[in-house]
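Working notes, structure below.
Please treat every number below as a calculation from the coordinates, not as lab data. Since the model is a prediction, treat every value here as computed from it, not as a measurement. As a convention, Cβ positions derive from the backbone with ideal geometry for all residues, glycine included, and neighbour counts pool all protein chains shown.
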Amino acid sequence: MHLSTATEAEVETVVRRGAGMVCCANSIGIIDGVMPPAALFKRLGGRVALGSDQAPGNNSHNVFSEMRAVAMFAKLEARSPLAMPAWQVLRSATIEGAQVLGIDGEVGSLEPGKQADLILLDATRPPLAPLLLRPARNLVPNLVYAETGRSVRLSMVAGRVIYRDGRYASVDADEVHRRLGEAAERLQARAAADPGCADLPIVALTRAGRI
């Protein structure tokens, strides 16, 4: 649930009833111009997961983008750098997200008996490098505030490698991109034939050359 229009009392009720929250900061920020109350939900003792919502709503399904958005938007809203710290956001992207979904016994952390769902990142180059280990570590802040996904070298789901060094194990990326292009052409043709689309603000801005 977004909770983007919920009052503080309503958020407190949701937390008290034991429900979790899925925060889609980018999507709600773009569509509604507000930040879902993730920081408040956490402060009240609730568990927050991260989501990307719909593809048209946020233009991306990138978990690194979601982590940064949640961390930054919460700080701006609170006018405080202490709202939704990086370590807390990383937990929302991993174990806490699994807890909200009720599957933390299977995924969400690397432990014996759980699925080997993981990614490996190259920490020898920016944005993760240089890594500082003392007197404080910067790995988690770098992951949350700077990483975009370009450092990912390997992705594994349930012990099965699905991506390694720019190549997908079971997907023909070129074919997917070709089919996406064809789908985009069909979508444009249908939208152009729909009289209702002509009055949309985004269409007017496009015609005016402003976007």
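Would a scan of segment 100-111 turn up a residue that is buried (at least 17 other Cβ atoms within 10 Å of the Cβ) and touching a residue at least 40 places away in the same chain (Cβ under 8 Å)? Please lay out each step first, then the result.
At the first step, the residues of segment 100-111 found to be buried (at least 17 other Cβ atoms within 10 Å of the Cβ) are 100, 104, 107-108.
Okay, now just the ones that are also touching a residue at least 40 places away in the same chain (Cβ under 8 Å), so 100.
Yes, segment 100-111 contains at least one residue that is buried (at least 17 other Cβ atoms within 10 Å of the Cβ) and touching a residue at least 40 places away in the same chain (Cβ under 8 Å).
I'd like to verify a number: residues in segment 25-50 that are in a loop (DSSP other than H, G, I, E, B) and more than 15 Å from R91 (Cα to Cα), how many?
Looking only at segment 25-50, we keep the residues that are in a loop (DSSP other than H, G, I, E, B), and these are 33-37, 44-47.
So of that shortlist, the ones also more than 15 Å from R91 (Cα to Cα) come out as 33-37, 44.
Within segment 25-50, residues that are in a loop (DSSP other than H, G, I, E, B) and more than 15 Å from R91 (Cα to Cα) number 6.
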query = For residues in segment 73-99 being in contact (Cβ under 8 Å) with a residue 24 or more places away in the chain and not in a helix (DSSP H, G or I), which is nearest to V22 (Cα to Cα)?
reply = M84
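Taking segment 136-164 on its own, how many of its residues are touching a strand residue (DSSP E or B) at 6+ places or on another chain (Cβ under 6 Å), without any contact (Cβ under 8 Å) to a residue 24 or more places away in the chain and not aliphatic (A, V, I, L, M)? So that I can check it myself, show each step before the final result.
The initial filter retains those residues of segment 136-164 that are touching a strand residue (DSSP E or B) at 6+ places or on another chain (Cβ under 6 Å), namely 151-156, 162-164.
Then keep just the ones that are without any contact (Cβ under 8 Å) to a residue 24 or more places away in the chain; that gives 162-164.
When the remaining residues are screened for being not aliphatic (A, V, I, L, M), the result is 163-164.
Number of matching residues: 2.
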